[in-house]
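Student: One structure, as structure tokens, below. Some questions next.
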Amino acid sequence: LHSNSDKGDGSVKYILTGEGAGTIFIIDDTTGDIHSTKSLDREQKTHYVLHAQAIDRRTNKPLEPESEFIIKVQDINDNAPKFTDGPYIVTVPEMSDMGTSVLQVTATDADDPTYGNSARVVYSILQGQPYFSVDPKTGVIRTALHNMDREAREHYSVVIQAKDMAGQVGGLSGSTTVNITLTDVNDNPPRFPQKHYQLYVPESAQVGSAVGKIKANDADTGSNADMTYSIVNGDGVGVFSISTDKDTREGILSLKKPLNYEKKKSYTLNIEGANTHLDFRFSHLGPFKDATMLKIIVGDVDEPPLFSMPSYVMEVYENAKIGTIVGTVLAQDPDSANSLVRYFINYKAEDERFFNIDANTGTIKTSKVLDREETPWYNITVAASENDNPDLLSHVTVGIRVLDVNDNPPELAREYDIVVCENSKPGQVIHTISATDKDDFANGPRFNFFLDEHLSINPNFTLKDNEDNTASILTRRRRFSRTIQDVYYLPIMISDGGIPSLSSSSTLTIRVCACERDGRVRTCHAEAFLSSAGLSTGALIAILLCVVILLAIVVLFITLRRSKKEPLIISEEDVRENVVTYDDEGGGEEDTEAFDITALRNPSAAEELKYRRDIRPEVKLTPRHQTLSTLESIDVQEFIKQRLAEADLDPSVPPYDSLQTYAYEGQRSEAGSISSLDSATTQSDQDYQYLGDWGPEFKKLAELYGEIDSERTT
């Protein structure tokens with residue numbers, strides 16, 4: 001800095017202020033020269049604003065106005081390009097076309113892009129050729145070869161360089177790594193390692209079990225390697241099946257039918273494995289399936305005996321003698337040795353043994369007498385084993401049906417409650433009965449009903465066979481009477497249609513009952529009829545009720561006579577508290593002789609009319625009409641207070657509590673008294689004929705009152 005006032009004599013002093021003054025920038029206050037004390041970095045601060053002033057050293061007064069100036073930092077190429085997002089991981093499908101874009105990388109340079117070529121960046125590939133290339137200007141990475149195969153090489157590491165100064169010599173550079181992985185596509189068909197396989201399967205293998213595995217290799221991965229297996233032809237197509245294990249991609253060979261070494265010793269299968277997810281872009285590389293031949297050798301195994309049938313059904317009659325032959329089972333050794341076979345029945349410890357079997361011949365016989373009505377069917381399990389190898393067992397189920405023999409006579413289906421009405425007519429059906437038989441339908445469905453021929457003819461009832469396994473009970477005479485006989489017994493016979501026929505006898509109980517005209521039963525209980533004495537059932541009940549009431553009155557009267565009233569005070573020494581209760585109800589409002597209830601009707605009743613009931617009054621009673629005229633203004637509450645004070649202050653009160661109760665009943669009712677004291681005891685002229693219209697439930701009541709009316713009329 002230099003001022004025009006500066007004569008060079010040192011009288012001018014220069015002062016510097018602003019950004020970095022005194023720290024980054026210092027000034028010689030005599031000459032005005034400005035110096036920097038440290039290196040400047042444009043990338044941190046591009047310019048500084050400073051203020052300068054010249055003052056008189058002696059007076060410190062400014063010689064010129066303060067001036068402002070700016071110091072700009074000029075850029076140099078001191079920053080290399082940088083990849084801020086690296087390193088990179090990227091994928092690209094295998095077999096992609098050449099020039100397929102993989103990734104675009106970008107490098108940044110902190111230098112000034114407006115000054116020179118310090119920030120002008122170009123890209124180049126340092127590692128990864130000839131598989132990939134990079135655009136020098138945009139940084140886009142592309143594939144550089146056709147049909148890059150993942151199965152040949154899967155991973156690539158590409159190094160990209162970015163250099164400033166437009167790539168000229170002396171420019172700064174930075175690099176990054178791009179890890180490229182080729183993803184799989186279905187471009188490889190499955191292949192069996194061998195064209196011929198051989199598998200050994202013993203003939204004892206269980207149906208449904210897995211007997212072997214086979215696998216085709218696929219160079220692809222993931223879903224592109226998924227495949228299914230199938231049996232395309234061969235003589236074992238119906239004996240074996242194959243499924244695919246999705247986890248291991250293996251073919252699981254299973255047995256569909258049992259093997260028999262003696263019948264067929266080997267099988268041949270053609271197995272095919274094919275991809276399930278095809279990519280038609282690579283169909284020219286196919287077909288995406290492969291086939292192989294599998295030969296299965298059946299191994300000979302010592303097998304258990306084989307029964308001639310999978311199950312047996314036999315029949316035997318019930319009641320057959322012990323030792324009766326039921327049937328025979330047959331089992332043979334399927335092996336070429338043809339060993340002898342022994343038989344036995346599998347019984348549990350708690351099972352009852354009704355059958356046994358001959359160990360050598362397999363003949364089953366009864367060991368107990370059988371009853372079809374108790375158990376009509378038996379299921380037993382017969383086991384067979386070889387003599388040479390008893391551990392090898394085979395089992396078969398034998399069902400034994402017990403055939404019926406007519407050994408149960410028929411009997412009534414249930415207990416019958418037969419009723420005959422007193423007003424029955426001859427030939428009337430009073431009930432229908434049926435029978436049952438425990439035997440099978442062949443020995444029991446046709447029943448015959450008849451009366452015992454050895455007994456005399458029943459004069460009251462007869463039996464009619466309806467020929468449909470039922471019979472009807474009919475009456476022989478008119479009218480029955482419960483008073484003469486209320487129960488009858490009818491012996492009957494029942495026979496079945498079996499061979500030989502069986503029969504049984506039963507006795508039916510028939511009750512005599514009173515019925516309505518439509519046949520409905522009214523009652524079946526025997527009743528005592530007193531028509532000869534002129535008394536009906538209703539009258540008899542009324543007489544008994546009156547007798548009971550009279551007896552109760554007599555007992556009550558005697559009890560009251562015997563009870564003695566205790567004195568209020570027993571002795572002078574025995575003073576106790578007592579509550580005297582008055583329970584005189586009277587005959588109602590019209591009954592005024594028991595006690596005067598004027599005060600209860602009218603609160604203005606005469607005060608002189610109320611006296612203590614436990615002492616004898618000495619004052620002569622005043623007529624009622626005079627009292628009402630003198631004390632009409634007395635209130636009920638005031639009246640009760642007066643009586644309370646009188647009871648508390650009366651010196652003639654005995655030394656015990658006397659409970660006096662007052663209540664206001666209200667004014668006299670205009671409706672009159674409802675007391676029963678004045679009720680008349682005249683007989684009613686009520687007509688009870690309408691009770692007959694009330695139905696059968698009130699018939700007895702109508703008869704009772706009808707008899708009373710008739711007696712009264714008589």
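Student: Applying the selection to region 244-265, what residues are open to solvent by 60 Å² or more (accessible area, probe 1.4 Å) and more than 25 Å from V301 (Cβ to Cβ)?
Tutor: K246, D247, R249
Student: Based on this model, can you work out whether F83 counts as aromatic (F, W, Y), open to solvent by less than 80 Å² (accessible area, probe 1.4 Å) and within 30 Å of G139 (Cα to Cα)?
Tutor: Judged against the criteria, F83 is a match.
Student: For the list (1) surrounded by 13 or more Cβ atoms within 10 Å (Cβ to Cβ); (2) touching a residue at least 40 places away in the same chain (Cβ under 8 Å); (3) of a type in the set (S, T, N, Q), I need the number of the one condition that T91 fails.
Tutor: (1)
Student: Condition test on V420, is it within 23 Å of S434 (Cα to Cα) and among the aliphatic types (A, V, I, L, M)?
Tutor: yes
Student: Can you name every residue in region 261-297 that is of a type in the set (D, E) and within 52 Å of the chain's Cα centre (by Cα)?
Tutor: E272, D279
Student: Residue pairs, Cβ under 6 Å, 6 or more apart or interchain, first in region 461-478 and farther than 10 Å from P426 by Cα, second exposed (fewer than 15 other Cβ atoms within 10 Å of the Cβ) and among the aliphatic types (A, V, I, L, M). List them.
Tutor: Matching pairs, first to second residue: S472/V429.
Here is a yes/no grid of residues against (1) open to solvent by 40 Å² or more (accessible area, probe 1.4 Å); (2) touching a Leu at 6+ places or on another chain (Cβ under 9 Å):
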| residue | (1), (2) |
| --- | --- |
| D335 | no, no |
| L340 | yes, no |
| Y343 | no, no |
| E350 | yes, no |
| F355 | no, no |
| N360 | yes, yes |
| K365 | yes, no |
| E374 | yes, no |
| Y378 | no, yes |
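Student: So, one more: With the requirement that a residue be within 30 Å of P376 (Cα to Cα) and small (G, A, S), what does region 426-470 give you?
Tutor: S434, A435, A442, G444
Student: All but one of (1) surrounded by 14 or more Cβ atoms within 10 Å (Cβ to Cβ); (2) part of a strand (DSSP E or B); (3) under 59 Å from the mean Cα position of the chain (by Cα) hold for D187; state the number of the condition that does not hold.
Tutor: Condition (2) is where D187 drops out.
Residue-by-condition table, conditions (1) in a strand (DSSP E or B); (2) under 60 Å from the mean Cα position of the chain (by Cα); (3) at pLDDT below 90; (4) under 30 Å from K700 (Cβ atoms):
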| position | (1), (2), (3), (4) |
| --- | --- |
| S501 | no, yes, yes, no |
| A514 | yes, yes, yes, yes |
| E527 | no, no, yes, yes |
| G538 | no, no, yes, yes |
| I541 | no, no, yes, yes |
| R561 | no, no, yes, no |
| E566 | no, no, yes, no |
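Student: Working only within region 149-176, note down all residues that are within 15 Å of F132 (Cβ to Cβ), open to solvent by 50 Å² or more (accessible area, probe 1.4 Å) and more than 60 Å from the chain's Cα centre (by Cα).
Tutor: S175
Student: I've got another one for you. Condition test on I76, is it of a type in the set (A, V, I, L, M, F, W, C), open to solvent by 60 Å² or more (accessible area, probe 1.4 Å), touching a strand residue (DSSP E or B) at 6+ places or on another chain (Cβ under 7 Å) and farther than 30 Å from G128 by Cα?
Tutor: Judged against the criteria, I76 is not a match.
Student: Could I ask something else about it? For region 380-404, which residues satisfy the criterion of being open to solvent by less than 50 Å² (accessible area, probe 1.4 Å) and part of a loop (DSSP other than H, G, I, E, B)?
Tutor: N389, L392, D404, listed by residue number.
Student: Then there is this: Give me the residue from region 31-42 that is part of a loop (DSSP other than H, G, I, E, B) and either aliphatic (A, V, I, L, M) or open to solvent by 60 Å² or more (accessible area, probe 1.4 Å) (or both) and, out of that set, nearest to S3 (Cα to Cα).
Tutor: Checked region 31-42; the qualifying residue nearest to S3 (Cα to Cα) is T31.
Student: Going by what's in this entry, would E318 be described as crowded, with 19+ Cβ neighbours inside 10 Å and within 30 Å of E374 (Cβ to Cβ)?
Tutor: yes
Student: Report yes if some residue within region 7-18 is open to solvent by 50 Å² or more (accessible area, probe 1.4 Å) and hydroxyl-bearing (S, T, Y); otherwise report no.
Tutor: The answer is yes, given that some residue of region 7-18 is open to solvent by 50 Å² or more (accessible area, probe 1.4 Å) and hydroxyl-bearing (S, T, Y).
Student: Would you say S101 is open to solvent by 60 Å² or more (accessible area, probe 1.4 Å), more than 24 Å from N79 (Cβ to Cβ) and at pLDDT 90 or above?
Tutor: yes
The values are calculated or read from the model by the stated rules, or taken from the named source; none is laboratory data. Everything quoted here is computed from the prediction, not taken from an experiment. Cβ: placed from backbone, ideal geometry, glycine included. Neighbour counts: every protein chain shown. Quick note on the areas: whole protein, heavy atoms, side chains included, nothing else; ligands and nucleic acids left out. Shrake-Rupley method; radii C 1.70, N 1.55, O 1.52, S 1.80 Å.
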